[in-house]
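Encoded as structure tokens, the structure appears first; notes follow it.
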Amino acid sequence: MKSVTICIPCYNEADSLPELYDRLRTLMESEPEYDWHLLVVDDGSTDSTPHIVRQMAHDDPCVGYIILSRNFGKECALMAAIDRADSDAVVLMDADGQDPPQLVHDMLRYWEQGYQDVYTRRRSRGRESWMKRMFSTLFYRLMSATSRIDMPENVGDFRLLDRQCVETLRRIRETERYNKGLFSWIGFKKKELVFDRADRTRGNTHWSFMRLTDLALEAITSFTTAPLRLATIIGAITALGAFCFTVFYIAKTLIIGDPVQGFTTLVSIMLFLGGVQLLSIGILGEYIARIYGESKHRPMYVIRETNNGKEQ
């Protein structure tokens with residue numbers, strides 16, 4: 001009998017987790033030919049989520065849980081689940097109830113056909129603001145244009161991964177992570193499923209605009225060096241332009257005898273050059289900060305409590 005583990009990272013999801021568990025029980029009972037496991041990772045919740053997770057594990061022997069020592073972020077919490085999921089296939093799913101469990105039936109069928117990464121793409125994004133949708137579209141287009149990996153638009157973490165994919169992800173120990181990019185980077189035989197993402201019915205989203213921006217910067221600095229190349233190109237063009245203007249004004253002064261005039265022009269050029277330099281330094285700083293973080297070799301997460309093997 002093949003085994004399947006459903007991994008759910010959660011942060012302050014006390015309102016939505018019980019309902020999701022009921023839906024997952026229905027899913028598991030409808031597929032009795034598989035050996036099902038449920039692994040919930042609490043990412044330092046401050047509400048009653050840890051208590052609910054412990055109660056689920058007490059009442060249902062197929063439920064495992066990991067409680068992290070603090071909030072490490074969804075990317076690290078997801079990796080904690082991947083590290084502990086010892087099954088033939090792993091299903092990654094959010095705890096907010098927006099990922100439909102019934103789609104796992106199709107994932108299993110494609111997995112049985114030989115696909116190793118069955119991922120889902122959102123046809124619609126639910127009740128999101130136009131600004132968030134616009135920036136999301138710009139981000140995916142930027143990543144597609146500048147990185148060397150194919151990163152499909154509107155694809156989240158909801159997917160099924162074969163054992164070989166899981167083992168490969170475990171070997172990637174980056175602490176500054178962007179998992180959606182890593183899922184594309186590892187390759188393997190992929191299959192896309194398209195669905196309409198439901199609106200959240202319980203609780204509130206924890207992804208603010210600033211957190212999404214930080215995640216986008218993480219993705220850009222992890223999978224493309226285009227900003228560094230752009231800074232180099234801008235610097236070269238600026239230096240060439242400055243050289244041409246210098247030659248022009250020197251020649252004008254020597255030939256015509258007209259001194260260089262225009263205080264406003266001079267200040268504008270100085271501010272422009274200063275802005276270009278600060279922008280380039282800022283881009284370098286983002287990459288150096290990532291290098292500095294990786295050089296410490298700190299663990300991605302710290303487990304406070306678990307019923308799923310030895311604690312770390």
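All of the numbers you see were taken from the coordinates with simple rules; none came from a lab. Note that this is a predicted model, so its numbers are computed, not measured. Neighbour counts run over all protein chains shown; Cβ positions are idealised from the backbone, glycine included.
Here are some notes:
- Here each label is just a point 7 Å from Cα along the line to Cβ, and for Asp35 and His51 those points are 3.5 nm apart.
- Low-density loop positions, GluC sites (Glu not before Pro), region 3-88 - DSSP coil, at most 10 other Cβ in 10 Å: Glu33
- Exceeding the 28 Å Cα-Cα cut-off - candidates Lys2/Lys180; Lys74/Lys191; Lys2/Lys190; Lys2/Lys296: Lys2/Lys296
- Figure legend: label point modelled 7 angstrom from the Cα of Arg123 along Cα→Cβ; residues of region 70-107 with amide N under 19 Å from it are 98-107.
- Backbone HN-Hα couplings from phi across region 228-239 [Karplus 6.51/-1.76/1.60, Hz, Gly and Pro as x]: 5, 5, 5, 4, 5, 5, 4, x, 5, 5, 5, 5
- Derived scalar couplings between HN and Hα for region 282-294 equal x, 5, 4, x, 4, 6, 5, 4, 5, 4, 4, x, 5 Hz in order, rounded to whole Hz, by the Karplus curve 6.51 cos²θ - 1.76 cosθ + 1.60 (θ = phi - 60°), x for Gly and Pro.
- The length gained by stretching the chain between Glu19 and Ser69 to full extension, at 0.36 nm per residue less their Cα-Cα distance, is 15.5 nm.
- Near the amide H of Arg121, within less than 5 Å, lie the amide hydrogens of Leu193, Val194, Phe195, all on another chain or at least 5 residues away, with H placed in the peptide plane.
- Electrostatic bookkeeping for Met93 treats Lys and Arg as +1 and Asp and Glu as -1; over the other residues with beta carbon under 10 Å from its beta carbon, the sum is -3.
- Stretchable slack from Thr225 to Asp59, in nm (0.36 nm times residue separation minus alpha-carbon distance): 54.8 nm
- When you count the other C-beta atoms within 10 angstrom of each residue and take the mean per peptide, 165-177, 284-296, 40-52 line up highest first as 40-52, 165-177, 284-296.
- Under a 5 Å amide H cut-off, with hydrogens placed 1.01 Å from N, Asp35 pairs with Lys2, Ser3, Val4 among residues at least 5 apart or on other chains.
- Point-to-point label distance, Leu279-Arg109, nm (Cα→Cβ direction, 7 Å offset): 5.1
- Selection of trypsin sites (Lys or Arg not before Pro), region 34-110, meeting DSSP coil and at most 15 other Cβ within 10 Å: Arg70
- Theoretical FRET efficiency, 1/(1+(r/R0)^6), r = Cβ-Cβ of Ile269 and Ala289, R0 45 Å, to 0.05: 0.90
- Our coupling estimate for region 79-92, obtained by passing each phi through the Karplus curve with A = 6.51, B = -1.76, C = 1.60 and θ = phi - 60°, is 5, 4, 5, 4, 5, 9, 7, 9, 9, 5, 9, 10, 9, 9 Hz, Gly and Pro reported as x.
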